[in-house]
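Below: one structure, written as structure tokens.
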Amino acid sequence: MSCSAPLVDAFNRRISYLRLSVTDRCDLRCSYCMPELMEFLPKKDVLSLEELHKLGLAFIDRGITKIRLTGGEPLVRRDMVQLIKALGRKIGEGLEELTLTTNGTRLAEFADDIAAAGVKRINVSLDTMDGELFQQLSRRDRLVQVLQGIAAAKEAGLKVKINTVALKDTNEGEIPFLVEWAHANGHDITLIEVMPLGEVEGERVDHYLPLPVIRDRLEAMWTLEESDYRTGGPSRYVTVRETGGRIGFITPLTNNFCAGCNRIRVTATGELYACLGGSEKVDLRSALRSADPETNLAAALDEAMRIKPERHHFEIARGSFPAQPRHMSMTGG
Ligand code: SAM
Ligand code: SF4
């Protein structure tokens, strides 16, 4: 197979979207994402800036048109802006979109550089606007910084989408307010069902909130109009007639979207996971560090296409185990 053949899996899905984790570390400890005493990877195992860049280029060569940089928290990595700038040079030359998902705590510092590198849209995770609940949920007192970060991103000309994980009895009652706030500030908002990835304190079932319940409640308040707006990810959107803003729904539990999957994920150590909910993986770091990286990377990507599973099988029930032992912060959200 030619080294630049497009990536197509065994179910004939064209893979065009890479989520690249640049670190598993984070300055928050969101309780649904990781335990307070999270063990992070030794730094020596993490790909260098040059390796991440090389990987990005290899993927673009294989027809990846959208790269989302994520983590852990991408903006805690010191050389992150350099990577954004380096990959940003490929926008319009194979790469259609470079974007990132961030918790926003350090966005105020980096928003201008990110925008200058050619990034147009970013996702910022925000589960609550209540300072106390923010601290309880993320185990850190950073709401003010996140809100400043979002404002700075807007000011820098970045389109900000808010990502909110819907959590039973936690931010459940606040969701309509978050939607109103987001729309009033010109942001779309996507609601996400919590996924059973990695061990966290407590039972997932106690905070799992199926999104159809929330949608019904929002529908009682507003007119939700189906939208064919897509951003290349799994989110399905409605437009709220009264606010003019969009709400996305990511429903891995209640409405499986794997048939249209166009994504692969690479961890900060260069493990390519063919599915967020699966264990199928190939090792890109050893391919990168081999004597013939080009051939070995091409072979590893072909193998990834062969092993990508048809779908995930998430289940959340009392006493059930995580679908995968690794946390979302490891595979990259
Ligand atoms: N630290 C960055 C952030 O929070 O935006 C990027 C990485 S984080 C893992 C990416 C997204 O995954 C966030 O929106 C977060 O809320 C979400 N997330 C983390 N753990 C999750 C889980 N178990 N189920 C569903 N979403 C999760
Ligand atoms: Fe960190 Fe993002 Fe996980 Fe929260 S969701 S702990 S911000 S990686």
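A simple packing score, the average count of other Cβ atoms within 10 Å per residue, orders the peptides 131-139, 191-199 as 191-199, 131-139, with the highest score first. Against the chain, whose longest principal axis comes from its Cα atoms, helix 293-307 is set at around 50 degrees. If you average the alpha carbon positions of the stretch 220-295 and of the stretch 56-75, how far apart do those two centres end up, in angstrom? Taking the Cα centre of the stretch 56-75 as reference, the centre of the stretch 220-295 is 13 Å away.
The angle between the Cα long axis of helix 211-221 and the longest principal axis of the Cα atoms of the chain comes to about 40 degrees, rounded to the nearest 10. Comparing LEU288, LEU37, LEU57 in a Gaussian network model of the chain, where Cα atoms under 10 Å apart are tied by springs, the biggest mean-square fluctuation is seen for LEU37. Calculated on the alpha-carbon coordinates, the convex hull of the chain measures out at 124 cubic angstrom per residue. Computed with a 1.4 Å probe over protein heavy atoms only, the accessible surface of the stretch 17-331 comes to 42 Å² per residue. Relative contact order, whole percent, for the chain stands at 22, derived from Cα pairs under 8 Å and 6 or more residues apart. Where does helix 143-155 land angle-wise versus the long Cα axis of the chain, in degrees 0 to 90, nearest 10? Value to nearest ten degrees: 70. Here the accessible area is traced with a 1.4 Å probe on the protein chains. For the stretch 187-325, carbon and sulfur cover 49 percent of it.
Of the listed pairs LYS120/LYS168; LYS66/LYS120; LYS85/LYS120, which have alpha-carbon separations greater than 22 Å here? From the list (LYS120/LYS168; LYS66/LYS120; LYS85/LYS120), the Cα-Cα distance tops 22 Å for LYS120/LYS168.
The values are calculated or read from the model by the stated rules, or taken from the named source; none is laboratory data. Nothing here was measured: the structure is a model prediction, and the numbers come from that model. All Cβ positions, even for glycine, are placed from backbone atoms using ideal geometry, and neighbour counts span all protein chains on display. For the accessible areas, the whole protein counts, side chains as well, though only heavy atoms, and no ligand, DNA or RNA atoms are used. Shrake-Rupley method; radii C 1.70, N 1.55, O 1.52, S 1.80 Å.
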